[in-house]
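One structure is given below, encoded as C-alpha cells.
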C-alpha cells in the first residue's frame, strides 16, 4: 500500500470506515444488499426502458421522460456499485486519478440531469391536466427529445468547471479516501491547496440548480392540484392524483435523499463516519432500485407495457432454434411403425396418445 500511496496517479478507497478491520467474509456478507439492489436496478430500469422503446402505446412524452429517468438510474448505479463491490469482494481499493474524477463527474452531472428531467415531468403533467387541448402541440416527440438533451447539456455545462477546478488542485496529502466512491467532499479534503474556490462554486451551483428546479416543481404541482380538485368526475380526479402521486414520490426520494446526503458530508452532525458513508451509498443505490417499482405500482400503462414486453420475450425464447433443439433432445423420438410393420397412428384417448407406444406398454 505504501507504493500506491506514494504514487501521484491513484487514490485508495477505504469502502466503509471501520469495516476494513473485519475479515473478508464479513465484507462479502455486508455487500450482499448492494449486490441485490444493483441487480434489481438493472432488471427494473432495463425493463422500463425497453417497454417504452418497443411499445407504441407508450410513445408519449410522459413515458419518454420515465425512460430517461431509467437511463439516469442505470448510469448512477453503474458508476458506483461495481467499484464498491470490487472493494468488498476483491479488496480492489485502488482507483486511478482520472477514473476517480470521471466517476465524480458522472455522479454530479447525472444528478443535475435527473433534477432537470423531474422538472420537465412536472411541466408535462401541468400541460396535460391544466391545458389538455394544447398538450399534443406543445409537447411533441422532438420537443421531448430536445428537453432531455438540454437537461444533459445543462448538467455537463455546470459540472465541467467544477471538475477543472478539482483536477487542478495538488493532492500531496494522504491519498486515502474514507469513502466507497470518489465523493466530492472526501476528495477535496485530500488537497494540499486551498479548495475554497471549488467549494464556493459547488455550493452556488447546487443551491441554484436544486433551489430553482424545486421551486418550479412545487409551483407546477400546486397548480395541478388546484385543477384536479376542480374536476367534476371523482374517477378523473383519482386517475390524475395517482399519476402525479408516483411523480411526487420520486421527487421526494430524490431531493430529500440528496439534501440529507450532502449536508451529512458537509457538517457530519456528530454522526460516525461509517453512517455518513452508508447514507451516501444508499442515496445512490436505493432510489434507482425503487423508481421502477413506483412506476409499476402507480401507473397501469407502464405495468401493462412491461407485461407485453415479457410476453414478447417469452415468445422469442420459445421460438429460438437452440431452445427448439433442446426441446427436441428432451422429447423421445416416436416410432413410425409398430412391431408388425403397420404404420402408427395417433389416438384421441389421453391415455394412449400414440398407438405404437400403447401397444408396447400393453405387451410389457
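Miscellaneous remarks
- Filter result for residue 171 (part of a loop (DSSP other than H, G, I, E, B) and crowded, with 20+ Cβ neighbours inside 10 Å): no
- Members of the stretch 54-71 found to be touching a residue at least 40 places away in the same chain (Cβ under 8 Å), within 23 Å of residue 136 (Cα to Cα) and either outside the structural domain of residue 251 (by TED's automatic domain parsing) or part of a helix (DSSP H, G or I) (or both), listed by number: 54, 57, 58, 61, 62, 63, 64, 65, 66, 68, 69
- Condition broken by residue 226, with the remaining ones in (1) over 15 Å from residue 280 (Cβ atoms); (2) in a helix (DSSP H, G or I); (3) touching a helix residue (DSSP H, G or I) at 6+ places or on another chain (Cβ under 6 Å) satisfied: (3)
- Restricting the stretch 1-53 to residues that are over 25 Å from residue 283 (Cα atoms) and assigned to a loop (DSSP other than H, G, I, E, B), the residue that is modelled with the highest pLDDT: 9
- Those residues of the stretch 193-226 which are within 15 Å of residue 131 (Cα to Cα) and crowded, with 16+ Cβ neighbours inside 10 Å, in sequence order: 220, 221, 224
- Meets criteria (part of a helix (DSSP H, G or I), on the phi < 0 side of the Ramachandran plot and touching a helix residue (DSSP H, G or I) at 6+ places or on another chain (Cβ under 9 Å)) for residue 207: no
- With respect to the conditions (1) surrounded by 13 or more Cβ atoms within 10 Å (Cβ to Cβ); (2) in contact (Cβ under 8 Å) with a residue 40 or more places away in the chain, residue 272 falls short on a single one, namely (1).
- Criterion (over 19 Å from residue 147 (Cα atoms), touching a helix residue (DSSP H, G or I) at 6+ places or on another chain (Cβ under 8 Å), assigned to a helix (DSSP H, G or I) and at pLDDT below 90) met by exactly one of 85, 74: 85
- Number of the condition not met by residue 135 [criteria: (1) under 29 Å from residue 187 (Cα atoms); (2) modelled with pLDDT under 95]: (1)
- When the stretch 249-268 is filtered for residues that are within 19 Å of the chain's Cα centre (by Cα) and crowded, with 16+ Cβ neighbours inside 10 Å, the ones remaining, listed by number, are 249, 250, 251, 253, 254, 255, 257, 258, 261.
The values are calculated or read from the model by the stated rules, or taken from the named source; none is laboratory data. Everything numeric here is computed off the predicted structure, so don't read it as measured data. Reconstructed Cβ throughout: ideal geometry from the backbone, glycine too, with neighbour counts over all protein chains shown.
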